[in-house]
Amino acid sequence: MTEKEKIDYNRENKTGKTGAEKTVDWIELMEKRVSRRTYAGAVPKQEWDLLCRMAQNFQEASGIRIRPFFHVPEAFRGFKAGYGLFHGVESGFMLGGGNVPDRREKIGYFGELLVLEATRMGFGSCWVGGTYRPEALPWDPETDGKLDCLLVMGSVWEPRWKEKMLHAVIRPRSKKWEQMCAVDSPPPAWFKEGMQAVQLAPSAVNRQPVMFFWKDGNVTARVSDMNAYRDVDLGIAKLHFALAAGGNWQWGNGGVFSKG
Ligand SMILES: Cc1cc2nc3c(=O)[nH]c(=O)nc-3n(C[C@H](O)[C@H](O)[C@H](O)COP(=O)(O)O)c2cc1C
């Protein structure tokens, strides 16, 4: 599957479901998405089956492993109040894999497609890189490879005071899109649209580490910090850019964007 086919696949998946939407308003979905850490229940079966089918397709297209999990409360016990504390997690995905080139970037890219689809369906989600207990999960390193991170997903109530507070603490530190790019000449309008989508992308501890460059008429994306999740952040940011600007990325740090 080419990058474009992957995105078209995703679009068709959305439009085909209701028959009502002609195109997906990605920015609206990205604005709606926010990390949720308190859940009212699992994603119901019908929607869960659809998410699992998407996960299966992404797995086949990329070689990474995306496996569902249910009801493993021990995996989220014992973390400090505030950041990283999850309540009521009943469903989600484990993401990892073997020796696949750019594995972590692909995890970010395809995982975020699942996040946006769950958002479209009205569910909450959160990426989890550190605040879980891997030994409590049904992941077998022998056959599945390395477990890189989780995506928790489920039904949510309207944000309650605790989540609102955590969000108020984390979000104001968000960067402006202009701080996440460098240009050598005025870029086209679609570059700005892509960057506005990047600004809305989740990243580990909200570092927003990915820089985008407009140079000699080409767009590249690069992450230069040493954070363990930097390549997952790279994949997530590149996906947001591609959906809003329209086009495909070369995999890898410093990969080039082709406008579609
Ligand atoms: C790769 C990755 C790992 C993350 N790991 C955790 C985690 O271990 N625990 C947690 O509570 N949130 C985690 N998050 C969620 C981030 O804290 C969150 O995306 C960021 O603060 C921005 O907030 P927002 O998603 O509401 O926009 C992670 C996010 C990403 C992208």
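The values are calculated or read from the model by the stated rules, or taken from the named source; none is laboratory data. Owing to the predicted nature of the structure, the values given are computational and were not obtained by experimental measurement. Using ideal geometry, Cβ is built from the backbone for each residue, glycine included, and neighbour counts are taken over all protein chains shown.
Within the stretch 205-249, the residues that satisfy the criterion of being part of a loop (DSSP other than H, G, I, E, B) and either more than 18 Å from the chain's Cα centre (by Cα) or in the same structural domain as Gly130 (by TED's automatic domain parsing) (or both) are Asp216, Gly217, Ser224, Asp225, Met226. Can you find even one residue in the stretch 236-253 that is within 14 Å of the ligand (Cβ to nearest atom), more than 18 Å from Ser125 (Cα to Cα) and surrounded by 17 or more Cβ atoms within 10 Å (Cβ to Cβ)? Yes: the stretch 236-253 contains one or more residues that are within 14 Å of the ligand (Cβ to nearest atom), more than 18 Å from Ser125 (Cα to Cα) and surrounded by 17 or more Cβ atoms within 10 Å (Cβ to Cβ). Is it the case that the stretch 191-198 has a residue that's touching a Lys or Arg at 6+ places or on another chain (Cβ under 8 Å), β-branched (Val, Ile, Thr), crowded, with 17+ Cβ neighbours inside 10 Å and under 24 Å from Glu28 (Cα atoms)? Looking through the stretch 191-198, none of the residues is touching a Lys or Arg at 6+ places or on another chain (Cβ under 8 Å), β-branched (Val, Ile, Thr), crowded, with 17+ Cβ neighbours inside 10 Å and under 24 Å from Glu28 (Cα atoms). Taking the stated definitions as given, is Met1 closer than 29 Å to Gly194 by Cα and at pLDDT below 90? When the stated conditions are applied, Met1 passes them. Taken over the stretch 116-151, the criterion of being polar (S, T, N, Q) and either without any contact (Cβ under 8 Å) to a residue 24 or more places away in the chain or surrounded by fewer than 19 Cβ atoms within 10 Å (Cβ to Cβ) (or both) is satisfied by Thr131, Thr143. Please specify each residue of the stretch 170-181 satisfying the condition of being outside any helix (DSSP H, G or I) and either surrounded by 12 or more Cβ atoms within 10 Å (Cβ to Cβ) or near the ligand (Cβ under 10 Å from one of its atoms) (or both). Correct list: Ser174, Lys175, Cys181.
Residue by residue through the stretch 203-227, note down the ones that are aliphatic (A, V, I, L, M), more than 9 Å from the ligand (Cβ to nearest atom) and at pLDDT below 95. Once the filter is applied, which keeps residues that are aliphatic (A, V, I, L, M), more than 9 Å from the ligand (Cβ to nearest atom) and at pLDDT below 95, the stretch 203-227 yields only Met226. Can you spot a residue in the stretch 40-47 that is assigned by TED's automatic domain parsing to the domain that holds Glu135 and under 14 Å from Cys149 (Cβ atoms)? No, every residue in the stretch 40-47 fails to be assigned by TED's automatic domain parsing to the domain that holds Glu135 and under 14 Å from Cys149 (Cβ atoms). Kindly indicate whether Leu29 is in a loop (DSSP other than H, G, I, E, B) and either touching a Leu at 6+ places or on another chain (Cβ under 6 Å) or within 13 Å of the ligand (Cβ to nearest atom) (or both). Spelling it out, it is not the case that Leu29 is in a loop (DSSP other than H, G, I, E, B) and either touching a Leu at 6+ places or on another chain (Cβ under 6 Å) or within 13 Å of the ligand (Cβ to nearest atom) (or both).
Among the residues of the stretch 116-169, those that are within 11 Å of the ligand (Cβ to nearest atom), within 18 Å of the chain's Cα centre (by Cα) and assigned to a loop (DSSP other than H, G, I, E, B) comprise Gly129, Gly130, Thr131, Tyr132.
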